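Notes follow once the structure below has been shown.
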Amino acid sequence: MSIYAIVLHGGAVTMQPGELSPEEAAFQRVGLGEALDAGWQILHEGGSALDAVEAAVRCLEENEHFNAGRGSSLSRQGEAELDAAIMDGRTLQAGIITGVKYVKHPISLARALLERGPHVGLSGEGALEFALECGQPLAPPSYFETEKTRRQWLELAQQEAERRAGHDTVGAVALDLNGNLAVATSTGGLEGQRKGRVGDSPVLGGGTYATNDACAVSCTGDGEVIMRGALAHEIYALVKYQRLPLAEACRAALALRDHDLQGDKGCIALDPEGHVAIEFNTNVMRRAWRVGEGEAYIAIFKDE
Ligand code: ASP
């Protein structure tokens, strides 16, 4: 029997009690629900996993309550520098974009690169030129500066708050009725990150990976730690070569070298049988999933 499924995340992060206001959490739940519907509808109508993950992530990129596209964290210079990656589990074709500015939908730019090639990755100015060539929608810096990201940037810049820089990401994995898996991840990275920083999201095998023969994975958390542990590829390898069930593989990969790869880590994953895995070591992981005609689930806090 054919099955289809979609899983989303809106970032795993460790937060102090009360740091995420009930209003913000409510906005995020609505946003997750809308993105889930956008992706699910495509799968339900027989569309591809690739189209579904792109549509879901575009929805989250438009939503200022998530750190991707419009709501992206600002860099040290106060600019939004965007990273995104998309991968087709059927063909292993992929597109990755790093440090691009002004592009409203970095995930669609990554998709255009996947389609057109010949390169798999483009960064900064080259990515922007490619966006112009493809007619991708652009926006001025003010579009990416929301009240929240500007305030967070000011707090960090003025050292008013003795707090760790925040981070978040959005991602989606999907399985379509033809048995194809796909993944998409998009992020503004870390608050106050250095100009030109590259996180794990656009690193294939780091924060993003999909192959039809094992699983599709999108990660979130401290990018430096995730990249060094090649988290998405580790999950793939545990499923493919150790034949671990998906959730077990995710847990094992997250715990990998925990003594020297400490940090926030989270992942969503799907396998060709439609098994859903969502694992994280944080107290907040915005997440949503739906398998076939089943119920849609949306959750934010660990204990939900
Ligand atoms: N992994 C992202 C990055 O390091 C941030 C996050 O997922 O929270 O850029």
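The values are calculated or read from the model by the stated rules, or taken from the named source; none is laboratory data. Quantities reported herein were computed from a predicted structural model and do not represent experimental measurements. Here the Cβ is made from the backbone with ideal geometry for all residues, glycine too, and neighbour counts use every protein chain on show.
Just checking, does the stretch 155-177 include any residue being in a loop (DSSP other than H, G, I, E, B) and under 30 Å from ALA49 (Cβ atoms)?
Filtering the stretch 155-177 down to residues in a loop (DSSP other than H, G, I, E, B) leaves 158-166, 176-177.
The next check asks that each one be under 30 Å from ALA49 (Cβ atoms); those that pass are 176-177.
Taking every residue of the stretch 155-177 in turn, at least one turns out to be in a loop (DSSP other than H, G, I, E, B) and under 30 Å from ALA49 (Cβ atoms).
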Q: Would you confirm whether any residue within the stretch 124-134 is in contact (Cβ under 8 Å) with a residue 40 or more places away in the chain and either hydrophobic (A, V, I, L, M, F, W, C) or within 16 Å of the ligand (Cβ to nearest atom) (or both)?
A: yes
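Do we find that GLY121 is at pLDDT 95 or above, within 16 Å of the ligand (Cβ to nearest atom) and under 27 Å from ALA5 (Cα atoms) in this structure? Don't jump to the end; show me each part of the working.
Working: at pLDDT 95 or above: yes; within 16 Å of the ligand (Cβ to nearest atom): yes; under 27 Å from ALA5 (Cα atoms): no.
For GLY121, the condition - at pLDDT 95 or above, within 16 Å of the ligand (Cβ to nearest atom) and under 27 Å from ALA5 (Cα atoms) - is not met.
May I ask you to list the residues in the stretch 47-56 that are over 13 Å from MET87 (Cα atoms) and buried (at least 21 other Cβ atoms within 10 Å of the Cβ)? If you could, list the steps in order and put the result at the bottom.
First, the residues of the stretch 47-56 that are over 13 Å from MET87 (Cα atoms): 47, 55-56.
Once the filter is applied, which keeps residues that are over 13 Å from MET87 (Cα atoms) and buried (at least 21 other Cβ atoms within 10 Å of the Cβ), the stretch 47-56 yields ALA55, ALA56.
When you look at LEU177, is it modelled with pLDDT of 95 or more, crowded, with 24+ Cβ neighbours inside 10 Å and of a type in the set (A, V, I, L, M), yes or no? Don't jump to the end; show me each part of the working.
On the way: modelled with pLDDT of 95 or more: yes; crowded, with 24+ Cβ neighbours inside 10 Å: no; of a type in the set (A, V, I, L, M): yes.
No.
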Q.
Looking at the structure I just gave you, is ALA237 without any contact (Cβ under 8 Å) to a residue 12 or more places away in the chain, more than 20 Å from ASP176 (Cβ to Cβ) and out of contact with any Gly (no Cβ under 7 Å at 6 or more places or on another chain)?
A. yes
**Q.** Residue in the stretch 161-172 that is more than 16 Å from the ligand (Cβ to nearest atom), of a type outside the set (A, V, I, L, M) and either under 19 Å from the mean Cα position of the chain (by Cα) or surrounded by fewer than 24 Cβ atoms within 10 Å (Cβ to Cβ) (or both) present
**A.** yes
Q) Given the conditions (1) in contact (Cβ under 8 Å) with a residue 24 or more places away in the chain; (2) over 28 Å from ALA12 (Cα atoms), which single one is not true for PRO118? A) (1)
Q | Residue list for the stretch 88-103, filter: crowded, with 20+ Cβ neighbours inside 10 Å, away from the ligand (no atom under 16 Å from the Cβ) and in contact (Cβ under 8 Å) with a residue 40 or more places away in the chain | A | ASP88, GLY89, ALA94
(Q) When you check ALA296 against the structure, is it crowded, with 24+ Cβ neighbours inside 10 Å, touching a residue at least 60 places away in the same chain (Cβ under 8 Å), away from the ligand (no atom under 15 Å from the Cβ) and farther than 26 Å from LEU92 by Cβ, yes or no? (A) no
Q: Would you tally the residues in the stretch 186-199 being within 8 Å of the ligand (Cβ to nearest atom), more than 18 Å from ARG151 (Cβ to Cβ) and not in a loop (DSSP other than H, G, I, E, B)?
A: 1
